Each structure stands twice: as C-alpha cells, then as structure tokens.
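None of the figures in this text is laboratory data; all of them are computed from the coordinates on show. Here the structure is a predicted model, which means the values were calculated and not measured. Don't worry about glycine lacking a Cβ; one is built from the backbone with ideal geometry, like all the others, and counts go over all protein chains shown.
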Amino acid sequence: MKNYYYYDDKECEFIPVEYRPLERVIYTLSLWILVGTVLSACSLSVLSFSVGSPAEIALKAENEVLYRQLNNTRSTIERLDQQIDEIAFTDNDVYRTVLGIDPISEDERRAGVGGVDLFAEFDSYSAQTSEILRWTAASLESIERRINIQKVSFEEIKAHYNENKEMMRHIPAIRPINGIILSGFGMRRHPVLGYNRMHEGIDFRARVGTPIYASGDGVIKSANRRGTYGLKLVIDHGHGYETRYAHLSRTADDIRPGVKVQRGHKIAYSGNSGVTSGPHLHYEVRRNGESVDPLNYMFADLTPNEYIEYQRIAEKTRVSMD
C-alpha cells in the first residue's frame, strides 16, 4: 500500500501521513468513486455529442423508416404516372380520334405551374430528405393536375358523344367475335407465303363455325370470295367507315348485299377459306379508304386492362395467320 506525505515547514522535511486501516480504505474508495464519476460524465457527454440522446436516437430511427417508406411510395407514384400516360394515350388515339375531336397535346397535359417555388419549405432538411420530399410533392401535384385535365377531357367526349349518337351507332366499336387476338395490325410475316407484308387487320382465334357479329350499324356492301381472303364480307357503316371480315365458312342466312344490319347483328361464321395457317377471323377497319388499327375501335366492350393485354399480344406476335 502506498504511503502519503506532507511537508513540515518547521522541520523542513516530509512527514509520512499516518492512516488507520479503515480511514485508508475509505479514502481510497472515495478517490476512485470521484474519478469514476468524472470519467462517466465525460463519456456520456462525448457519447451524447457523437450519437445523440435517447430521444434523438429514437427520432433518427423514425426518420430512417419514413425515408424508406417515401422511397417505396416513389415506385407506386411512378406506376400511377405510367397508368395515367396509358389513359391519356387511349383518350387521344382512340376516343378523341374516333369522335373527330382534336387531341390534347402532351404539353397541355403536363403543363406545370410557374412562379414561386412551391416546395421551398423542404430545403431546411438534409439534401437527401429534401430531394425525396420535393420529388414526391411535385409528382403528386402533377398527377392531380393531369387527372383533372383527363376528367375535363372525358366530359368533353361524353358531351360530343351525346350530340352525335346517330353517328356513334355506325362506328365499329365492338369486337366482332369473342376470341383472343392472335396477330395485330402492322408489318407481319405471312405464315404461308413466307415474306413480310402489311397486315391491315387483326386476327382472332376462332374455331370453324364461330358466330361473327357486326361491329356497328351499316349496310352489307359485298359478300363473296376474294383471292387470299377466301369468303369475305364487307359492311359500309357510312361516315367514312367500312369493316371487312375474311376467311369465313359461310354468311348468316339473312345476309346479302343491301341488307341493313345493326351493331351486334349476326352476319357470318368463321372458317378457314383462302390462304391461311389455320381457322380464324381476319378483321379490318377502314376509315376514308385507309386501313386503321381495329384495336383502337373496340372501346365499347374492352376494359382498359383488356385493351392493354390485347395491345401487348398484338405487339409481341410478328407472324400473322393470313
């Protein structure tokens, strides 16, 4: 055990301090407790400065959870934005085109709001947090604005439709047959002739003898055999529209040139006549003498999901049935 000394001025020498055993133990323990308290206080101070208080640690953990949630929300917002793009495409290229209404430009649909910075309040946060908050707020604001524009567009379409119901009954607006699309509109390789050429319609899967229906009001223009088309039926719908149904097995009993038909009227039965790779229905829509994609004229009985699925199949398949 160490000895402790004090200096005696009178004697001019160091005199050892005499402790009783109990006093020495108490003194030593007190010294260590004091040193331990000081070191603990210093450690807590350093820890609090570098890591934070318990409340600050809890708040930091909560912020990390919120940041991750915002990032997850970002992917959801991107999907919503894509779905609005698809609705806008259908609105312009189907509904407004069919009705003869001028399409809404992309600039109009995505028109921003000028002037003051609407999201300056987020700049007080860290750069990472500020960026995600700004993006989220701006995207939601854009989606809300585009939805409002789309609502106005649908109201305009509805009003135009109500004013032109007579014409709308003649537009080919339904599927002529209840079947899956096998090949779409555009350049396709002919399965028999073996070269690429313009496929001016779409091919529906159909067994021989499946009923086929008029896709709009009109008059039977012709029903005869025509080269590679086999037995083909043509309906003149007026207003510049004409539909063609090819590779038929036979026409319905009451169908002949000059007969008026209404949308949904049974006009023929599918077959395998002409040059084909198997039984199906080849269906065309012509507007002012030009072939157009029939998929864009099935808005009366296709849901948005069905339309997207049909479009996916049509784009994927590069070989036609005829």
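Could you tell me whether region 167-322 comes out rounded, prolate or oblate from its Cα gyration tensor? Rule is a ≥ b ≥ c as square roots of the eigenvalues, rounded for a/c under 1.5, then prolate if a/b exceeds b/c, otherwise oblate.
Verdict is oblate for region 167-322.
Using 25 Å as the Cα-Cα cut-off, could you pick out the over-long pairs in Lys165/Lys221; Lys158/Lys260; Lys151/Lys260; Lys158/Lys266; Lys151/Lys316?
Lys158/Lys260; Lys151/Lys260; Lys158/Lys266; Lys151/Lys316
Roughly how far apart, in whole Å, are the Cα centres of region 130-189 and region 68-93?
That distance is 14 Å.
What ranking, highest mean first, results for peptides 98-110, 204-216 when packing means the other Cβ atoms within 10 Å averaged over each residue?
The packing order, highest mean first, is 204-216, 98-110.
Going toward the positive end of the dipole of region 181-316, with +1 on Lys and Arg Cβ and -1 on Asp and Glu Cβ, which of Val208, Tyr245, Ile267 do you reach last?
Result: Val208, furthest along the dipole toward the positive end.
Given points 7 Å out from each Cα along the Cα-Cβ axis, report the Gln262 to Leu99 separation in nanometres with one decimal.
Here the modelled spin labels are 2.3 nm apart.
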